[in-house]
Every structure is written in C-alpha cells, then in structure tokens.
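The values are calculated or read from the model by the stated rules, or taken from the named source; none is laboratory data. The model shown is predicted, which means the values in this text are computed figures rather than measured ones. Please note: Cβ atoms are built from the backbone with ideal geometry, for glycine as well, and neighbour counts cover all protein chains shown.
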Amino acid sequence: MSRLFEQTQLHRRTLPTGLNELHPCGWSPRRHTFVALRGHQLLGTAELLRDDDDETAYELSVTLEGHAQPGDGARCAAAALFYAFEALGAEAVWFWVPRGHRAVERFAQALDFQRLHSVRMPDGSPADVFELSAEAWQARGDALTRLPGGPVELRDHVRAWRNEGADFARV
C-alpha cells in the first residue's frame, strides 16, 4: 500500500496538512479517496463514498497504518467531514464502527453524530452506524478545538481552509 501512495503522479490535489486526494483505481464523482501523511510518513487513508440510496449522503471511512498516533484518525475524519459538507454539499455523512471502539465513539459524541442502528459484521460481531447531519455539522460549536493533534488544513485544486479554533476559515 505504501508504494502505491508514494506515486505522486496519482495525487489529484493536496488537502489538509499531509492529506492528498488519490486516484489509483478509478476516481469518480461517487468516490473521494485521500491519503493521510505526516510529513512524508504514510498514516493511512480517508474515503468518502456517495450513498447509493441517497445521493446527498456519504459514507466515511478512515483506515490507519499501525504507527499512527492517537488523534490521527480524528484529524483525518474531521478534514474529510469538512470536505463532505463544505465542498461536496452533503446533507449527511455516516459511518459504521465495531461496537465498543471507545475512541471512535468519543469522536462521534464530540461532533454530535447520532447512532442510527446496529448491524452485524460478517463475523457476526455487532457494529453501530452513526450519522452526522449538515445541520449538526453547522452547529458543532467548539468540537474541533477539542480534537487532539493540532490544526487541520484542507486544500482542493483552488481553495484552502484551516481550522482556527472552533471553525474552518479560508486561507
């Protein structure tokens, strides 16, 4: 995976500090994949996938390498959420997580995600589905100031934003 992400010709845009949008397999308006880097070290990926049933909703997933530090997942997810709501105009973003994953549950609670329902993973273990509405995103208050790991910067091919305290501002 690391060798694939190191191919700079696959980078579509630079986003938050260390986040680049990649297009290794067939990027489309439904799928937005970002590689998460700290300096030149690969942390993992963040992905937004447009929902098949509701084109105003996106599924969020974050996959981290084993050497990622506490807070890296929250920073990647916050940047992807900002991109979904502010750049893509999403009405909702949802994700599922294995039940009992306390760090992800705290992140969901801090940003006012609502638990929708439970599902069973292929191995039979329970998982919970959480959703954040555009209204809850707009009313998030100072939730982003409580995320560990410092400020997040987001870039697309034209614009750049950085979170300054409780909100993102255009740079």
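Flag: Y83 matches the condition of being hydroxyl-bearing (S, T, Y), closer than 14 Å to H32 by Cα and in a helix (DSSP H, G or I). Of the residues V97, V104, the single one that is more than 19 Å from D52 (Cβ to Cβ), in contact (Cβ under 8 Å) with a residue 12 or more places away in the chain and within 13 Å of the chain's Cα centre (by Cα) is V104. Taking segment 107-171 and the strands (runs of 3 or more DSSP E) fully enclosed by it, no element has 3 or more residues that are β-branched (V, I, T) and modelled with pLDDT under 90. Applying a threshold of 8 Å to beta carbon distances and a minimum spacing of six or more residues, or different chains, the list of pairs starting in segment 112-129 at a residue that is more than 22 Å from L81 (Cβ to Cβ) and among the polar types (S, T, N, Q) and ending at one that is modelled with pLDDT of 90 or more and in a strand (DSSP E or B) reads S118/P126; S118/A127; S118/D128; S118/V129; S125/P98.
So is L60 modelled with pLDDT under 75 and surrounded by 14 or more Cβ atoms within 10 Å (Cβ to Cβ) or not? Against the criterion (modelled with pLDDT under 75 and surrounded by 14 or more Cβ atoms within 10 Å (Cβ to Cβ)), L60 does not qualify. Please go through (1) in a strand (DSSP E or B); (2) at pLDDT 90 or above for L48 and return the number of the only condition it doesn't satisfy. Failing condition for L48: (2).
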